[in-house]
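The values are calculated or read from the model by the stated rules, or taken from the named source; none is laboratory data. These numbers were taken from a predicted model, which means no experiment stands behind them. Counting neighbours? That spans all protein chains shown, and the Cβs are built from the backbone with ideal geometry, glycine included. Accessible surface areas use protein heavy atoms only, side chains included; no ligands, DNA or RNA. Shrake-Rupley method; radii C 1.70, N 1.55, O 1.52, S 1.80 Å.
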Amino acid sequence: IRRTGTRSSLTMLGIVIGVASVILVLSIGESAERYIVGQVASFGSDLLMVANGPKEDLRAGAPSPFVKETLTYQDYRKLKSQPWMLEIAAEILQSDTFIGRGESSAAQVLGTTSAELTLADLRVSEGRFLTTEDVDARSRVAVLGATLAQKSFGKENAIGALIKLGTQSFKVVGVMQPSGTKFFQNVDEQVYVPVTTAMDLYRRKYVFLLSMKTSIPLSDAKRRIETVLRDLHHVEDPKNDDFHVHTQEDVVRSASMIAGILQILLGSVAAISLVVGGIGIMNIMFVAVTERVAEIGLRKAVGARPRDIARQFLMEAVMLTTIGGLVGTLLGMALTWTAIFFISQAQEGWTFGISWKGMELGVAVSCAIGIVFGLAPAYRAAALHPTDALRRE
């Protein structure tokens, strides 16, 4: 191996790339799963959400991309009036042009209610948040996220200033404290307006989501919410529900399932390069057998047995794949750290972590490939007759 260093390095390259790819893909997949679970869990385990459309079962097939909107503002009011309801928010999310002090930028507009402050665990830095009166009166008031307020007004006081969302003017009544990313949205760059105002502004008849906390156990609350909404939507058979209620645990379970499926898919694709690398090693070892027939013939002439020759070439193949696996592991760790670093710069909340499953799989498979793809060249070398080998040379 040392004598033919360049050829050995090129032979190992396929294994290095394959192992590094497996570790990179599985590590990023696990980091993504931790990020998703962390985002969902940040709202607490007692949060219930009602979304449009029937519940999709991932095991039954791919969810439909077209969801019929059915949740109304009246659904929100009815649920809010229930004695077991503690907090409830009706939400609409819309991208729009934000204009402040004559400068325009893209922003996410969240139409919501006063309960958003408690449900999303937000804090007001200056002024106040939206009130029930704002929602009932359909007031043109807005609360700015910390980053958006800093970009638009700098050190100036934004309270009382006029801004525009699209072509409509709003009065700023509050500025939020920095909160980072929550539920995959950078809340520091959001604009909060009353949900009724957002429905008027964007001509919406339905709300996007209902979020709530209740004073009763989640299972009981889920059943009562379904009963109330079925009565409002005139649904008699639960199979015909045009909405679905889920808890944080449901979201975490679904997110983990999706992440697991993606890891298997991407890991399988990355593993193909390991097989390709194994085929490359087998071809190189066949070439080595052809080039070293004199060595094989001489060894056999002085007493080497066929299994000694087979063991020699098999050990070479295993060493090449093992060294390639170790180098690929180090490369995979370095690539994972680099990838997570750049991802975390664009999206807060990502943490670096190495998939031990990926490391074990990569090294184990690389060793197994060395054995499997090294057997044929090894047996070919062992089968050479010493007289024929010396004469061929």
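Using alpha carbons only, how many degrees (0 to 90, rounded to 10) separate the axis of helix 5-41 from the longest principal axis of the chain?
The helix 5-41 is inclined about 20 degrees to the chain.
What share of all Cα pairs of segment 70-224, in percent, falls into each consecutive 10 Å distance bin?
Pairs per bin, as whole percents: 11, 42, 33, 11, 3, 0.
Looking only at Val124, Val50, Val293, which one moves most when the chain is put into a Gaussian network model with springs between Cα atoms under 10 Å?
Answer for the Gaussian network model of the chain: Val293.
Lys/Arg Cβ at +1, Asp/Glu Cβ at -1, dipole of the chain taken about the Cα centre: which of Pro306, Ala90, Tyr206 is farthest positive-ward?
Pro306
Principal axes first, then extents: for the Cα atoms of segment 281-379, list largest minus smallest coordinate on each axis, whole Å, largest first.
The Cα atoms of segment 281-379 stretch 67, 22, 17 Å along their principal axes.
Along the charge dipole of the chain, pointing to its positive end and built from +1/-1 on Cβ of Lys, Arg, Asp and Glu, which listed residue (Val22, Thr336, Val318) has its Cα farthest out?
Result: Val318.
Return the long-range amide H neighbours of Leu209 (sequence gap of 5 or more, or a different chain), with a cut-off of under 5 Å between placed amide H atoms.
Under 5 Å from the amide H of Leu209: Glu91.
How much of the accessible area of the chain, probe 1.4 Å, is carbon plus sulfur, in whole percent?
59
Report the relative contact order of the chain, percent, no decimals, based on alpha-carbon pairs under 8 angstrom and at least 6 residues apart.
Normalised by residue count, the contact order of the chain is 29 percent.
Hey, what's the chain come to in accessible area per residue, 1.4 Å probe, Å²?
That works out to 52 Å² per residue.
Using the Karplus equation 6.51 cos²θ - 1.76 cosθ + 1.60 (θ = phi - 60°), what ³J(HN,Hα) coupling, rounded to whole Hz, does each residue of segment 205-215 give in order, writing x for Gly and Pro?
Taking θ as phi minus 60°, the curve returns 9, 10, 9, 7, 7, 10, 10, 7, 10, 10, 9 Hz for segment 205-215.
Rounded to whole Å, give me the distance from the Cα center of segment 204-223 to that of segment 241-301.
Taking the Cα centre of each part, segment 204-223 and segment 241-301 sit 44 Å apart.
Sorting Trp356, Trp350, Trp84, Trp337 by accessible area (1.4 Å probe), largest first, what list results?
Trp356, Trp337, Trp350, Trp84
How far, in degrees from 0 to 90, does helix 306-346 lean away from the longest principal axis of the Cα atoms of the chain, to the nearest 10?
20
Using the Karplus curve 6.51 cos²θ - 1.76 cosθ + 1.60 with θ = phi - 60°, work out ³J(HN,Hα) for each residue of segment 127-144 in order, rounded to whole Hz, and write x for Gly and Pro.
Result, ordered by residue: x, 9, 9, 5, 10, 4, 5, 4, 5, 5, 8, 6, 6, 8, 10, 9, 10, 9 Hz.
Charges only on Cβ, +1 for Lys and Arg, -1 for Asp and Glu: so what's the dipole of the chain about the Cα centre, in debye to the nearest 20?
Rounded to the nearest 20 debye, it is 1440 debye.
Quote the charge dipole size of segment 228-305 about the Cα centre in Debye, to the nearest 20; the model charges only the Cβ of Lys and Arg (+1) and of Asp and Glu (-1).
The dipole magnitude comes to about 1140 debye.
Any idea what % of Cα-Cα pairs in the chain are farther than 35 Å?
That fraction is 50 percent.
Can you give the angle from 0 to 90° between the axis of helix 356-383 and the longest principal axis of the chain, with both taken from C-alpha atoms, to the nearest 10?
Approximately 20 degrees, to the nearest ten.
Among the listed pairs Lys80/Lys164; Lys55/Lys239; Lys78/Lys205, give every one whose C-alpha distance is greater than 20 Å.
In this structure, Lys80/Lys164 exceed 20 Å between Cα atoms.
What's the magnitude of the charge dipole for segment 274-336 around its Cα centre, counting Lys and Arg as +1 and Asp and Glu as -1 at the beta-carbon? Answer in Debye, nearest 20.
Around 260 debye, computed over segment 274-336.
Specify which residue in the list Gly100, Ser219, Thr351 is farthest towards the positive end of the charge dipole of the chain, using unit charges on the beta carbon of Lys, Arg (+1) and Asp, Glu (-1), about the Cα centre.
Thr351
Using DSSP to call loops (not H, G, I, E or B), can you name the GluC sites (Glu not before Pro) in segment 302-379 whose Cβ has at most 13 other Cβ atoms within 10 angstrom?
Qualifying residues, ordered by number: Glu348.
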